[in-house]
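Colleague: Have a look at this one.
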Amino acid sequence: MSQLLPRPELLARLQQPPPGGAWDIVIIGGGATGLGVALDAAVRGLSVALVESHDFSAGTSSRATKLVHGGVRYLAQGNLGLVREALHERTRLLANAPHVAQRLPFVMPGYHWWECGFYGTGLKAYDALAGRQGLGATELLSKRRTLELLPGVNARGLWGGVRYWDGQFDDARLALLLARTAAARGAVVINHCAAESLLREGGQVRGVQVRCRETGTAVVLRSRCVVNATGVWVDAVRDMDHDAADPSADAAAGSAQEPGQAPAEDPAKPATRPLAKPSAMVAPSQGVHLIVDRAFMPGPHALLVPKTADGRVLFAVPWLGKTILGTTDTPRKDLPREPKPFAEEVNFILGEAGRYLARAPQRADVRSVWVGMRPLVKPPDEDAGNTKALSREHTVLVGRSGLVTVTGGKWTTYRAMAEDVLDRCMAAGLLAQRPGDVTTRLPLLGAAPGRPLGEPPGEHLYGSEAALLRSLPGAQTWLWRDAESGQGAMSEAMVRFAVRYEMARTVEDVLARRSRLLFLDAAEAARQADAVAALMAEELGAAPETSAFKALAAQYRELP
Ligand SMILES: Cc1cc2nc3c(=O)[nH]c(=O)nc-3n(C[C@H](O)[C@H](O)[C@H](O)COP(=O)(O)OP(=O)(O)OC[C@H]3O[C@@H](n4cnc5c(N)ncnc54)[C@H](O)[C@@H]3O)c2cc1C
């Protein structure tokens, strides 16, 4: 197990470029996509730097429905290639990170005589596509068996059900494992450090200026290849490409700069070679999740509603001691960091859950509400010649300046997306050829079988690193116990581990993406903020602030 470098040393490493004066690849964005690329590139032996403006997975990648899935929805659309690829990736992810990604049984209840046969046939086709990688056989269920497996389901009018198998995961903890495994392979990955502008020489992107959001230190990362993996924010970075100055012109005018140091002048001044502003590539759409107690849907099975009143899919998923209800698909024009749910989305989820659960959850039962933004891709006209939609799900675009933009897709296929990105960089001549297929069987840090993810959080999420966790002070001092089971869910040692090994810098980093408490129970997260800050102060030498976190926790409790 490798301890990550303390932050000042990380910043110092960013300031000292590798031999040759430039990184092979700099990645902007520390969500599933960027972290997957960083790990793949590092394992291929490339020099890698990744900057994340907030925290790892703080964008969309901590707000998924937590399913590792082929996508039964895409099956219904006849997109077999996409489903097959995701099913393969599901197998790899469950094997490489078994402590945070596991198989999960789903029950689809049927309330019309034809439903079980109809959906059962489709789900058997899903099994057939998975082939030997299937996680369990699809079965048709009697009404009695459906009620046994899904005790919380509404029995009125129930005919029977179908059970099938897919996967689930802890998205934010998986992101941390990708970051830490990449770091163990030599990548420099840093959070709370934003890309501010791009450097261009001879019309080609040759680096990124980044700024540490804690110290204000600016660093120029010169690079052979720059990957824009900023999710719904990719267009802002593509705009930086449009705005980038060409420092070769500055050098000609005598303003050469030290490698690794920020230029004295703002490199985002008007471009020496103006390009047409790129048209937007992403049309964002938001998805809402509500968290309620397990009492609404006890047992280890998830519930799938294949067609809600307005034709959507709804899931109720047991996760870390609670139940996730979701999701929605609502187009937005803006890109807030913390999107709020719309009243009709909350009403839709509660209304549908009320139809399918024996006990209808009310607004007061919601412990937390979180919203994620999907990057829906629309290839821009002016780059159409260079655009290659590698699948219907994700898009990799190599711009005329050499900026590589990747967006779309889903968490489940992050590894395959990373391979696509690196293959594309090599095909474009931005990186020297290196053999691929290096992460297919690459266990992530701590990989070891864990307890089911439906159970409350605990040491099991640390896999083989649990021994290290137990060696830290406060391993048996529980700050928070799961209210329903009484199990210890967050210890003092976990907070120390988050700071020492998982690069947590703020109270939100700990309570949202290391312990997940903000996502599970926002009021409890607010109550824990001061205790967590006090422990972090011991580890960091300075107390992090808590008021912004408490305001955020209030938002996660608030329903429109
Ligand atoms: C509601 C919802 C449910 C979903 N459920 C599932 C699911 O169950 N299973 C599944 O497989 N997939 C699911 N997905 C899809 C999956 O979550 C996304 O495909 C994935 O998280 C996208 O990751 P990303 O890295 O591309 O984007 P992000 O996670 O948003 O990462 C981009 C990062 O770039 C950073 N950034 C932005 N600008 C800068 C800058 N200037 N400098 C540095 N960093 C910057 C951001 O802070 C952000 O962290 C779901 C998506 C949504 C919206």
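The values are calculated or read from the model by the stated rules, or taken from the named source; none is laboratory data. This structure is a prediction, so every number in the text was calculated from the model and none was measured. Every residue, glycine among them, receives a Cβ derived from its backbone with ideal geometry; neighbour counts consider all protein chains shown. Side chains included, ligands, DNA and RNA excluded: accessible areas come from the protein's heavy atoms. Shrake-Rupley method; radii C 1.70, N 1.55, O 1.52, S 1.80 Å.
Colleague: Say we look at segment 366-396 and pick out the residues that are at pLDDT 95 or above and more than 13 Å from the ligand (Cβ to nearest atom); which of these is surrounded by the most Cβ atoms within 10 Å (Cβ to Cβ)?
Modeller: Ser368
Colleague: Also, quick follow-up: Please verify whether segment 453-463 includes one or more residues that are touching a strand residue (DSSP E or B) at 6+ places or on another chain (Cβ under 8 Å), within 30 Å of Glu9 (Cα to Cα), open to solvent by less than 20 Å² (accessible area, probe 1.4 Å) and of a type in the set (A, V, I, L, M, F, W, C).
Modeller: So far as segment 453-463 goes, no, none of its residues is touching a strand residue (DSSP E or B) at 6+ places or on another chain (Cβ under 8 Å), within 30 Å of Glu9 (Cα to Cα), open to solvent by less than 20 Å² (accessible area, probe 1.4 Å) and of a type in the set (A, V, I, L, M, F, W, C).
Colleague: Just wondering, is there one or more residues in segment 212-226 that are touching a Cys at 6+ places or on another chain (Cβ under 7 Å) and either of a type in the set (S, T, N, Q) or within 15 Å of the ligand (Cβ to nearest atom) (or both)? Even if it seems obvious, please write down each step before you answer.
Modeller: Our first condition is that a residue be touching a Cys at 6+ places or on another chain (Cβ under 7 Å); within segment 212-226, this holds for 212-213, 225.
Keeping just the survivors that are either of a type in the set (S, T, N, Q) or within 15 Å of the ligand (Cβ to nearest atom) (or both) gives 212-213.
Yes: one or more hits.
Colleague: So for segment 39-46 (the condition being open to solvent by 30 Å² or more (accessible area, probe 1.4 Å), modelled with pLDDT of 95 or more and more than 19 Å from the chain's Cα centre (by Cα)), does at least one residue qualify? It would help to see each step written out before you state the result.
Modeller: Filtering segment 39-46 down to residues open to solvent by 30 Å² or more (accessible area, probe 1.4 Å) leaves 43, 45.
Checking which are modelled with pLDDT of 95 or more leaves us with 43, 45.
If we keep only those that are more than 19 Å from the chain's Cα centre (by Cα) as well, we get 43, 45.
Yes, the conditions are met somewhere in segment 39-46.
Colleague: Keeping to segment 63-103, report how many residues are of a type in the set (Gly, Ala, Ser), within 11 Å of the ligand (Cβ to nearest atom) and open to solvent by 20 Å² or more (accessible area, probe 1.4 Å). It would help to see each step written out before you state the result.
Modeller: Here is the first cut: in segment 63-103, the ones of a type in the set (Gly, Ala, Ser) are 64, 70-71, 76, 78, 81, 86, 95, 97, 101.
Still in the list and also within 11 Å of the ligand (Cβ to nearest atom): 64, 70-71, 86, 101.
When the remaining residues are screened for being open to solvent by 20 Å² or more (accessible area, probe 1.4 Å), the result is 64.
Count: 1.
Colleague: Can I ask one more? Looking only at residues in segment 327-341 that are in contact with a Ser or Thr (Cβ under 6 Å, 6 or more places away or on another chain) and assigned to a loop (DSSP other than H, G, I, E, B), which one is nearest to the ligand (Cβ to nearest atom)?
Modeller: Selected residue: Thr327.
Colleague: I'm checking my understanding of the structure. Among residues of segment 496-526 that are under 26 Å from Val366 (Cβ atoms) and β-branched (Val, Ile, Thr), which one is surrounded by the fewest Cβ atoms within 10 Å (Cβ to Cβ)?
Modeller: Thr506
Colleague: Can I ask one more? Restricted to segment 281-297, and to residues that are over 30 Å from Leu397 (Cβ atoms) and assigned to a strand (DSSP E or B), which residue is nearest to the ligand (Cβ to nearest atom)?
Modeller: Keep residues of segment 281-297 that are over 30 Å from Leu397 (Cβ atoms), which gives 290-297.
With the extra rule that they be assigned to a strand (DSSP E or B), the set shrinks to 290-293.
On the way: Leu290: 12, Ile291: 13, Val292: 17, Asp293: 21 Å.
Among residues in segment 281-297 that are over 30 Å from Leu397 (Cβ atoms) and assigned to a strand (DSSP E or B), the one nearest to the ligand (Cβ to nearest atom) is Leu290.
Colleague: Hey, any hits in segment 423-432 for a residue that's within 16 Å of the ligand (Cβ to nearest atom) and either in contact with a strand residue (DSSP E or B) (Cβ under 7 Å, 6 or more places away or on another chain) or free of Cβ contacts under 8 Å to residues at least 12 places away in the same chain (or both)?
Modeller: Initially, segment 423-432 is screened for residues within 16 Å of the ligand (Cβ to nearest atom), giving 424.
After this cut, where a residue has to be either in contact with a strand residue (DSSP E or B) (Cβ under 7 Å, 6 or more places away or on another chain) or free of Cβ contacts under 8 Å to residues at least 12 places away in the same chain (or both) as well, the list is 424.
Within segment 423-432, one or more residues are within 16 Å of the ligand (Cβ to nearest atom) and either in contact with a strand residue (DSSP E or B) (Cβ under 7 Å, 6 or more places away or on another chain) or free of Cβ contacts under 8 Å to residues at least 12 places away in the same chain (or both).
Colleague: Okay, moving on. I'm trying to understand the selection: among the residues of segment 306-337, which are touching a Leu at 6+ places or on another chain (Cβ under 6 Å) and either small (Gly, Ala, Ser) or modelled with pLDDT under 95 (or both)?
Modeller: Selection gives Thr308, Ala316.
Colleague: For segment 404-420, which positions are crowded, with 24+ Cβ neighbours inside 10 Å, at negative phi and within 11 Å of the ligand (Cβ to nearest atom)?
Modeller: Those that are crowded, with 24+ Cβ neighbours inside 10 Å, at negative phi and within 11 Å of the ligand (Cβ to nearest atom): Thr405, Val406, Thr407, Trp411, Thr412, Thr413, Tyr414, Met417, Ala418.
Colleague: Here is a further query. Please specify each residue of segment 116-145 satisfying the condition of being hydroxyl-bearing (Ser, Thr, Tyr) and out of contact with any helix residue (DSSP H, G or I) (no Cβ under 9 Å at 6 or more places or on another chain). Walk me through how you get there before you give the answer.
Modeller: We begin by selecting, within segment 116-145, every residue hydroxyl-bearing (Ser, Thr, Tyr); these are 119, 121, 126, 138, 142.
If the condition is that a residue be hydroxyl-bearing (Ser, Thr, Tyr) and out of contact with any helix residue (DSSP H, G or I) (no Cβ under 9 Å at 6 or more places or on another chain), then Thr121, Ser142 are the ones that fit.
Colleague: Mind listing whichever residues of segment 298-324 are more than 12 Å from the ligand (Cβ to nearest atom), under 25 Å from Glu524 (Cα atoms) and not β-branched (Val, Ile, Thr)?
Modeller: Once the filter is applied, which keeps residues that are more than 12 Å from the ligand (Cβ to nearest atom), under 25 Å from Glu524 (Cα atoms) and not β-branched (Val, Ile, Thr), segment 298-324 yields Pro298, Gly299, Pro300, Ala316, Pro318, Leu320, Gly321, Lys322.
Colleague: Please determine, by comparing only the residues of segment 47-62 that are near the ligand (Cβ under 7 Å from one of its atoms), within 13 Å of the chain's Cα centre (by Cα) and among the polar types (S, T, N, Q), which one is most open to solvent (accessible area, probe 1.4 Å).
Modeller: Thr60
Colleague: Keeping to segment 431-467, report how many residues are under 19 Å from Ala182 (Cβ atoms) and either basic (Lys, Arg) or out of contact with any helix residue (DSSP H, G or I) (no Cβ under 7 Å at 6 or more places or on another chain) (or both).
Modeller: First, pick out the residues of segment 431-467 that are under 19 Å from Ala182 (Cβ atoms): 431, 434-447, 462-465.
Adding the requirement that they be either basic (Lys, Arg) or out of contact with any helix residue (DSSP H, G or I) (no Cβ under 7 Å at 6 or more places or on another chain) (or both) leaves 434-435, 437, 441, 463-465.
Qualifying residue count for the region: 7.
Colleague: When you check Arg13 against the structure, is it open to solvent by 10 Å² or more (accessible area, probe 1.4 Å) and more than 21 Å from Leu430 (Cβ to Cβ), yes or no? So that I can check it myself, show each step before the final result.
Modeller: Values: open to solvent by 10 Å² or more (accessible area, probe 1.4 Å): yes; more than 21 Å from Leu430 (Cβ to Cβ): yes.
In short, yes.
Colleague: Counting only residues that are more than 30 Å from Thr91 (Cβ to Cβ) and over 19 Å from the mean Cα position of the chain (by Cα), give me the helices (runs of 4 or more DSSP H) lying completely in segment 431-523 with at least 2 of them. Give the derivation first.
Modeller: On the way: elements: 466-470, 492-501, 517-520.
Those helices (runs of 4 or more DSSP H) span 492-501.
Colleague: When Ala244 is evaluated against the numbered criteria (1) within 15 Å of the ligand (Cβ to nearest atom); (2) at pLDDT 85 or above, which criterion, by number, is the only one it fails?
Modeller: Every listed condition holds for Ala244 apart from (2).
Colleague: Still on this structure, I have one more. Which pairs turn up if I take residues in segment 144-171 that are within 16 Å of the ligand (Cβ to nearest atom) and at pLDDT below 95 and look for partners that are of a type in the set (S, T, N, Q) and in a loop (DSSP other than H, G, I, E, B) with beta carbon separation below 9 Å, at least 6 apart in sequence or on another chain?
Modeller: none
Colleague: Another question, then. Could you tell me whether segment 148-159 includes any residue that is in contact with a strand residue (DSSP E or B) (Cβ under 9 Å, 6 or more places away or on another chain), small (Gly, Ala, Ser), assigned to a strand (DSSP E or B) and within 29 Å of Asp127 (Cβ to Cβ)?
Modeller: No, segment 148-159 contains no residue that is in contact with a strand residue (DSSP E or B) (Cβ under 9 Å, 6 or more places away or on another chain), small (Gly, Ala, Ser), assigned to a strand (DSSP E or B) and within 29 Å of Asp127 (Cβ to Cβ).
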